[in-house]
Structures are given as structure tokens and as C-alpha cells.
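Some notes on the structure that comes next.
The values are calculated or read from the model by the stated rules, or taken from the named source; none is laboratory data. Keep in mind it's a predicted model, so treat the numbers as computed, not measured. Positions of Cβ are backbone-derived with ideal geometry, glycine not excepted, and every protein chain shown enters the neighbour counts. Note: accessible area is taken over every heavy atom of the protein model, side chains too, but ligands, DNA and RNA are not part of it. Shrake-Rupley method; radii C 1.70, N 1.55, O 1.52, S 1.80 Å.
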Amino acid sequence: MSTQPLEKLGLAFSGGGFRASFFHIGILAQMAEQGLLRKVEIISSVSGGSVIGALYYLHVKKLLESKTDERITDQDYIDIIKVIEVDFLKATEKNILMSTFSNLIKNFQMLISLNYSGSNRIAELYNKYFYQNIIKEFTIPVEMQQLKIYPLESPKYFHPKKHNIFRRYKVPILVLNATTLNTGRNWQFTAQTMGEPPNRTKEDNESQFIGVDKKPIRLRRARNGYKSMVTQQQKITLGHAVAASASVPGLFTPLAIKGLYYDRVKQQRILPQLIDGGVFDNQGTEALLDNDCTHFIISDASGQMSIKNQIATDSLSSLLRMSDILQDRARTKSLLHLISKIKNKNRIAFMDLRKGLSIREISWINENNEAAEKDKLFPATSNEFGVDPKVQEKLSKIRTDLDAFTEVEAYSLMRSGYLMSEKDLKQLKEELKEESNKDEIKNTKQSPKIAWKFNQISHWMKNPTAQYLKQLDISQLTFAKVLQVFLWLWIPIILVIGGTLYYYWPQIQQFILSSIPVYPFVIMFSLWAINSFAGTLVKLLPFLGYLTPFIQFIKGLIKALLFSWGAIFISFYLICINPFYLAYGRVSKLKK
């Protein structure tokens, strides 16, 4: 019996909207070519990484349940990524973000239902466009408790943690990470259960807490899985879990988990409110450590803090900058924590969108206003893996959004991840050995280069043209991308605004010159106060608690009115403008 410790490969997908999703697809493609996907035992994903992580997991589930371990080949994994490469882009071209608020009926449902929000709506779209058609036997929508993998011809009691050692093609465990607003902890969804993971050394000893977490309560995961939960939460869907993991604060309402916890000391129900997993751990590395991984592949396409020579110092700008610094600090500490745990750095393959870019260490100036020393320059190295530094710099700044991505944007991100990861994954592969046959992986021949669709963009990534670089510049914008592409759109906008002002100018002029009535401002202030201070008012005046349903209704009404007013414009955009933007970003339109 070998004394070599068991080797366990974990894969972490960071947050970063669809930008991250496309980058992760490139990593998956490189892993498929090198025969590493079959070794993955834990997939930990966050936010945009959860969208693609869940999609990949479903395809693997379909494969492992349709073929025996002996019949599966690495080509099967290559075929999976080929399908994902096409289907994921096709789904995102529908503009998931804007589609969330484009349906008047759904917006009205947000008005009349206290249990339905934008997070619920985008969960439905995730299920519809990404997940529900992969495995025909699934319910619609797909439920989390359906995700457990039962490998073909394996015993019914199969569990990956216990029985993967006997398999050549491992059964992965999927961990979708969110953040609990109530406690500030990580919340995890798996095929088995959900809740906050224990902060302890061993799963079976709940008293051995470690670290400095001194919070008075922890929302435990159900030990016996979903079947031991209330009926309402037994059927939580995959789309809702992904939506919680990708619920960007300020953009989407937190996703509530109702009826699952009760504080017996305070005689009060606990309502966990879940937001983006990136708030707690945007790399997803903690889940890999919790599951005793020994080797790590970390794909990081999260938003990086920008560096500015001149910083605005007003209150709002300072607060926003402070938030950026805290997020950057948390990201760095998470990675340093992982590195400190793993002494052999060859066991970690870490890829991020700023890899291969130059860094300058700037010298101070002396009393003559001259540089006291020469600046230290660490030159860009992205050319070594086939990407021009100008291109890699722009890719690192592409928006972290959930809107429509063009072929140029998507293929560039995929190929960047694919090229960047090749060397590091080969190095990691050398470290991995089978316990039963230590030379199995080392001597496995790498598959020949695959004709991935994203390879169409390779010429421009090495030799960027002005047209291509302009598209990458526009890709960085969250708003007004289309106005940058189609300048003629300014004409109808100006005409509409000018025509409105011309037609209604007498009424506008009369309104300005007359005494402005007070009641519109009173109504607007009242609505703002109800929306902003409802919780505080109930605490100060407990009897107002009876008005909570009414207050919630008013808040929902405000949101629904905004959504409804915008639904017509959004529908017009999706039908008439979005196709133009996608056509503009086709690779076939680029000129060499």
C-alpha cells in the first residue's frame, strides 16, 4: 500500500459576470485537451462562474450516467466543451440581463407578489436558456436535489468522497457559493444540501470551531439533505441557486430562503437573504480547502481594482473607492491563504485576466523634481502565450455584466483563457499521479490541438487591428455601447427629445414660470422615505409592524412602475437594436 497521500483536484471559477464565464470556457477547453477534466473532484464557483460551472456539471452528469467508467474517454470531455462553446454564446446573445425586465406580465407579478423579484425572474431565465434542456428526465425547472450523480453501473450508495478513488473518471461535487447578508458568511448550494459551511476542523465534530469567527449564530446545513427540509425549500431550483450566487448587490434584490430557520432564543423566524458569492470569496477557493483538495486550478476573471493617479476625494467617491479596496484586499487574502496552505506551488495553477501584463515600480522624486532612481519595469509577457499585451490589457477591462456578448468579445475571452493556461496546466499535470499507477497521467499523450470555434479570433489577438481594438474598447462600456457603434442612433434620440421639447414647450414654460405646487414633492418624498426607512420606522414605532405588508406593497409598486416604464424600451432594444450589435461583433466582419 502506497504511503503517498490521496490526490484531489479542485477547480475554482471566479465571479465576473459573463466575462468570467467565457474566460472559464477557455480554461475548460485547455483542460479537456490535456486530459485533466476527468480528474476534477470539486467544482467551486462564484457568480458568473456559477453560471458556467453549473452548465458544465450537468453535461458531466449526463456523460457519467450514460457510460461506464471503462467506456468513457477524454474525447467525451472535449465534445462537452465543444457543445458548451456554442450553446453558451447562443444563450447569452439573448441578453439575459435586459430580458429580466422586458416582460410586462412578469413586471406586474413583481408588483403583486411579495415572493417574486428580479432575482426570481433571472433564475427562471437561467433555467430556461442554460439548464432545463440538457437532461430530458429533469423536472422543469431543474431542482438542486436532482443534481446528484449516480454513475452507470455503480452502487446506489455511491458517494464521490468515498468511492472516487476506484474510478478513472471522477464524479465531481458542485459547490455554488453565495453570501448570507444576515451573518456575513459563505452560503453553499450542493446537490445534497445548502447552508453555511461549518468553520471547524472536522465535519463530524461540530464543537471544534477554529479561526476568529465569533458570530453568535451559524445557519447550519441540513445533515440529511433536502428531504429533511421544509417542502418549499426541497424543490429549490438550480436557476435560483445560480441567481443567488450571481445576485449583484444594488442590481438585483437578494434571494430569500424562507421557512428554513427559527431562532428559539429570540422566538423569531430567520430569513436568510442571499447575495453575490463574490462579496465573501470571489475566487471560490475556501470550498476547495473545505473539501480537502490537494491540487488546485483557479480561473480568475473577476473585476480588478483600477489604479488612478488622481483620485476624487468627495464623500461618495471615497466610499466607493473604499469598497473597491476592501474587495481587492479580500481577494488577495483569499489567494494568500491558499498559497500558505499548499507548500508545493506546482500544485496550484492560477490564471487571471491580468496575467502577462507589465508592472511598473515608480521611483520617488528628489528635491530637484527628478526621479531619484530609475523606475523598475517588469515587461509584459503575454506575447509568450500568443496574445498581444494591448489586447490582454483591454480584455482585463471588459465589463462584468450579464448582457449580450458578441462573437469577438466571447471568442477573445475564451482564447485568452485557453492560451494563458496551457503552460501552468502542463506543470500541474506533472504533479498529479494516480495512487494505483503513478505514471498513468504523466505518460498520457496529450490530445491533438482541437479546432475550437474561438480559434477564429487568433490572428487579431496576436496582430490586433485598429478595428479589433476599437471593439474591445467598446466592450468595456456598461452603458451606451450601441451609441458608440451606431452613431446614427443619435439622430432619432435628438429628434425625439427636440420634438418633445418643441411640442410641449408652452406647457413647460408655464410650469416653470408659475408657482410650483407642493404636493408632487410631498408624494415623492413620502415614497422615498417609505422605501428607504421602512425597517427603521417599524423598529421605532412597533405598531407600524401591522403596516409591513402595505409598506412592502408600496416598495414593490415603486419598482414595478420603474420596470414597467422601461419594459417597452427594453423590448424595443432587444428586438431592434440587440441584433445589430451582435452582427457588428461577428468575427467575419473583422478585416485583416
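Only one of the listed residues (Phe158, Phe101, Phe130, Phe166) is more than 28 Å from Ile270 (Cα to Cα) and free of Cβ contacts under 8 Å to residues at least 12 places away in the same chain. That residue is Phe166. When we screen Ile134, Ile173 for residues that are open to solvent by 10 Å² or more (accessible area, probe 1.4 Å), under 20 Å from Asn224 (Cβ atoms) and aliphatic (A, V, I, L, M), the only hit is Ile173. Scanning segment 262-280 turns up at least one residue that is open to solvent by 80 Å² or more (accessible area, probe 1.4 Å), of a type in the set (D, E, K, R), within 26 Å of Thr237 (Cα to Cα) and touching a Gly at 6+ places or on another chain (Cβ under 9 Å). Has segment 369-376 got at least one residue that is over 30 Å from Ile122 (Cβ atoms), surrounded by 11 or more Cβ atoms within 10 Å (Cβ to Cβ) and touching a Lys or Arg at 6+ places or on another chain (Cβ under 8 Å)? Within segment 369-376 (the criterion being over 30 Å from Ile122 (Cβ atoms), surrounded by 11 or more Cβ atoms within 10 Å (Cβ to Cβ) and touching a Lys or Arg at 6+ places or on another chain (Cβ under 8 Å)), the answer is no, since none of the residues qualifies. Take the conditions (1) at pLDDT below 95; (2) more than 22 Å from Gly303 (Cβ to Cβ); (3) open to solvent by 20 Å² or more (accessible area, probe 1.4 Å); (4) part of a helix (DSSP H, G or I); Val86 misses just one of them, which is (1).
Screening Gly585, Gly556 for residues that are at pLDDT below 90 and either open to solvent by less than 80 Å² (accessible area, probe 1.4 Å) or among the hydrophobic types (A, V, I, L, M, F, W, C) (or both) leaves exactly one candidate, Gly556. Consider segment 347-368 and keep the residues that are over 27 Å from the mean Cα position of the chain (by Cα) and over 17 Å from Gln304 (Cβ atoms). The one that is surrounded by the most Cβ atoms within 10 Å (Cβ to Cβ) is Ser363. In segment 386-409, the residue that is nearest to Ala301 (Cα to Cα) out of those that are open to solvent by less than 40 Å² (accessible area, probe 1.4 Å) and in a helix (DSSP H, G or I) is Leu395. Comparison of Ser119, Ser154 shows that the only residue that is surrounded by 21 or more Cβ atoms within 10 Å (Cβ to Cβ), among the small types (Gly, Ala, Ser) and either assigned to a helix (DSSP H, G or I) or modelled with pLDDT under 90 (or both) is Ser119.
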